[in-house]
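This report concerns only the one structure given below.
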Amino acid sequence: MNLPFEWQIGWRYTRAGRSGRRNGFISFISGVSMLGIALGVAALIIVLSVMNGFQKEVRDRMLSVIAHVEVREATGGALPDWRATATAAQSNQHVIGAAPFVVAQALVGRGDELRGAIVRGIDPSVEGRVTELARTRAPLLAQLKPGEWNIVLGIELARLVGARIGDKVTIVAPGGQVTPAGVVPRLKQFTLVGVFEAGHYEYDSGLALIHIDDAARLFRVEGPMGVQLRLDDVYDARAVGQDLQTSLGSSVLVRDWTRTNRNWFDAVQIEKRLMFIILTLIVAVAAFNLVSTLVMTVTDKRADIAILRTLGASPRSIMGIFMVQGAAAGIIGTLAGCALGLLVAFNVDVIVPAIERAFGIAFLPGSVYVISRMPSQPLASDILPVVVISLVLAFVATIYPSWRASRVNPAEALRYE
């Protein structure tokens, strides 16, 4: 297939054209520009993939403890008929599990050590339908039996209050009892039967689990305060929550996990956007290095441009030659960077341990971070915008030098040749 001469000449200039000292230098600068674009694109893909991996890791650990959606009585009391509410919620095709709960804030302690915590009453027989923790630690949660006043604490919460398995743990419930001597706090002792580790500090240090019947008696509610729901797709939580709020009415309050953990979710999204913008600037700097490359190429090829003009080439054709050269460099750099970025992103779990062994260092010490390995999750929704932005920047960078080439005067260019 015969390509237009603009494509042929532009591609020849990209490959360095005729030999010579100046052309060799220009070829070197052009290669550096391609390398800069490739490294910028690769860095952007790798960083976004690692951020996605961390986000997924934290989200999975968070959702191992909490439900995807919660339906509560709007005033904060007990649901009049939680079974009817659960049945109505499960009529939604995305809801695959439901379980009742009672929840309240309280003080948990042993001796003089008291810590604020969320005390959640659960039914161990059905809790496995909505949380991964109940599935993986079913024997532990089975020890939560009504009337026995047993409790399971997060591992960090147990450490903070100095409690070990078998110890008595005191819960100070809100509200208190009114007596002739004044308001006396309501205290209840529980037996610590086990601890759990979700890998998320907020829940490991601030969550206590007891049986739902014990929780109802402790917090003086007539029954479950709400229903926890599990969905077939965690990413549909917000949309499903809105649908359930409409279908169940204003007597209940529906909250999905993205709203329950809104601060964390918003912080992660903002951090990711800022990182994308910062690293895109690196790609922009590398792409605009093409400007200097093409300006030097135009200066070096002034005689060639003059000859082409005398042979009948139009200014538009001359401009097309150098735009092809710049675009080719941008495309090669972008594709090389995309390939390098994906290669590293898909093999982070192999590359990072190899670097750690080679230099004797640990990027994520297990004693400091809960996550001891570097996670990575490349997503097409991140990679495609990176590729498009890199190509657009490379194309924009070619416009001015190509326009200058089209304005070369043949007579002036050939005067000293």
Checklist outcome for this item: Whole-Å distance linking the alpha carbon centroid of the range 195-219 with that of the range 77-97 is 22
Checklist entry - By Kyte-Doolittle mean hydropathy of at least 0.5 and Cα axial length of at least 15 Å, which whole DSSP H helices of the chain are selected? => result 21-63, 262-300, 315-346, 348-359, 380-406
Checklist entry - Using alpha-carbon pairs under 8 Å, 6+ residues apart, how would you state the relative contact order of the range 37-183 in percent? => result 21
Checklist entry - How many angstrom lie between the C-alpha centres of the range 62-76 and the range 233-250? => result 12
Checklist entry - Tell me which lysines have Cα within less than 20 Å of Lys272's Cα, excluding those fewer than 8 residues away on the same chain? => result Lys56
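How big is the convex hull of the Cα atoms of the range 240-386, per residue, in Å³? Please list the in-between numbers first.
Working: hull volume 30.7 nm³, N = 147.
Enclosed volume per residue, from the Cα hull, is 209 Å³.
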Item to check | Net +/- balance of residues flanking His94 in space, Cβ distance below 14 Å, scoring K and R +1, D and E -1 | outcome: -3
Checklist entry - What is the chain's relative contact order, in percent, from Cα pairs under 8 angstrom and six or more apart in sequence? => result 28
Checklist outcome for this item: antiparallel share of DSSP beta bridges within the chain, to nearest 5, in %, is 80
Checklist entry - If you take all C-alpha pairs in the chain, what percent of them are over 36 Å apart? => result 50
Item to check | Around Gly53: net Lys/Arg minus Asp/Glu count, Cβ-Cβ under 15 Å | outcome: 0
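Roll a 1.4 angstrom probe over the protein heavy atoms and tell me the percent of accessible area of the range 80-137 that is carbon or sulfur.
On the way: 1310 of 2930 Å².
For the range 80-137, the apolar C and S fraction of the accessible surface comes to 45 percent.
Based on the mean of other Cβ atoms within 10 Å per residue, sort peptides 138-147, 321-330, 222-231 so the most packed one is first.
Details: 138-147: 15.4, 321-330: 24.8, 222-231: 23.2.
In decreasing order of mean packing, 138-147, 321-330, 222-231 become 321-330, 222-231, 138-147.
For the range 205-330, with every protein chain kept in place, what is the accessible area per residue (1.4 Å probe, Å²)? Kindly include the intermediate steps, with their values, before the conclusion.
Numbers: 5860 Å² over 126 residues.
Dividing the accessible area of the range 205-330 by its residue count gives 46 Å².
Highest mean first, how do 211-220, 344-353, 35-44 rank when packing is the count of other Cβ atoms within 10 Å averaged over residues? Before the final figure, lay out the partial values.
On the way: 211-220: 20.3, 344-353: 15.8, 35-44: 23.2.
By packing density, highest mean first, the sequence is 35-44, 211-220, 344-353.
The values are calculated or read from the model by the stated rules, or taken from the named source; none is laboratory data. In this text, all values refer to a predicted model and were calculated from it rather than measured experimentally. In this analysis, Cβ positions are derived from the backbone assuming ideal geometry, glycine residues included, and neighbour counts consider all displayed protein chains. We work out accessible area using only protein heavy atoms, side chains counted, and drop any ligands, DNA or RNA first. Shrake-Rupley method; radii C 1.70, N 1.55, O 1.52, S 1.80 Å.
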